[in-house]
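All remarks here apply to the structure that follows.
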Amino acid sequence: GLQPGLGVPVVAQFRATARHAFQVQFQQGDLAVRVYPQGFYQFSIYADSSLTEQQISDLNKTVTTWPEIEKLQMISQTEGLQELQNTMGIDDIFKNIEKNPLPSVLVASVKPEFKNIKDIKELLDRSGKLPGVIKTDADLLWLEKIINILRLSSVVIYSFSLALSLAVLLVISNTIRL
């Protein structure tokens with residue numbers, strides 16, 4: 001069955017990264033504004049809701065000591081629920097819930113030299129094996145899937161363009177012979 005806190009992982013992920021979703025950067029000489037998603041170099045560690053504050057603090061200390069981690073932000077169950085209520089304006093829904101369904105979340109930012117898919121996957125695997133962790137997640141993995149889909153789409157488009165070009169050449173060469 002489901003463990004406590006797993007019923008709303010999407011909401012928990014939203015609350016963990018919504019504030020830090022995008023960083024806007026201007027480059028000198030550019031007229032355009034470039035938007036770089038900050039969350040792609042972060043990953044979230046969801047703690048089991050049965051953990052005590054001391055156990056979550058110990059988990060926080062453990063992850064903070066890893067050399068790949070630049071910054072670690074802890075979002076408690078209470079902070080997450082408050083932020084969700086403020087963001088979505090749904091105070092009334094949570095009145096009848098006796099226990100907060102959201103897990104505590106640690107949002108880890110990775111140092112620049114470790115900002116690649118391989119290292120982040122290794123960090124996800126390592127943090128997923130820590131005691132009291134029910135789930136780990138990184139937005140970078142979605143980006144990897146999107147990039148692969150775009151690559152496949154471009155191959156299909158180029159192949160179609162090549163086939164049409166060959167068809168046009170055949171029609172023109174046939175017309176010239178007539």
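The values are calculated or read from the model by the stated rules, or taken from the named source; none is laboratory data. The model shown is predicted, which means the values in this text are computed figures rather than measured ones. Just the protein is used for accessible areas: all its heavy atoms, side chains included, with ligands, DNA and RNA removed. Shrake-Rupley method; radii C 1.70, N 1.55, O 1.52, S 1.80 Å.
In terms of solvent-accessible area of protein heavy atoms at a 1.4 angstrom probe, what is the ranking of 151, 126, 177, highest value first?
Details: 151 150, 126 90, 177 195 Å².
Solvent-accessible surface, decreasing: 177, 151, 126.
Express in whole angstrom the spacing between the alpha-carbon centres of the stretch 61-81 and the stretch 117-135.
13
Using 28 Å as the Cα-Cα cut-off, could you pick out the over-long pairs in 95/129; 71/129; 111/145; 61/95; 71/121? Before the final figure, lay out each step's value.
Values: 95/129 35 Å; 71/129 20 Å; 111/145 22 Å; 61/95 33 Å; 71/121 17 Å.
With Cα atoms farther than 28 Å apart: 95/129; 61/95.
Just the accessible area per residue of the stretch 61-113, please: how many Å² with a 1.4 Å probe? Please report the intermediate quantities before stating the final value.
Details: 3160 Å² over 53 residues.
Per residue, the stretch 61-113 has an accessible area of 60 Å².
Give me the percent of accessible area attributable to carbon and sulfur for the stretch 48-139, probe 1.4 angstrom. Mind showing how you got there, number by number?
On the way: 2620 of 5340 Å².
Using a 1.4 Å probe with all protein chains present, the stretch 48-139 comes out at 49 percent carbon and sulfur.
Heavy atoms only, 1.4 Å probe, whole protein assembly: order 153, 104 by accessible area, highest first.
If we order 153, 104 from most to least accessible, we get 153, 104.
Measuring from the lowest to the highest alpha carbon on each principal axis, how far does the stretch 43-178 reach, largest first, in angstroms?
Projected onto its principal axes, the Cα set of the stretch 43-178 covers 86, 42, 21 Å.
Per q in 0.21, 0.23, 0.24 1/Å, what log10 I(q)/I(0) does a Debye calculation on the alpha-carbon atoms of the stretch 113-167 return?
So the normalised log intensities work out to -0.81, -0.89, -0.92.
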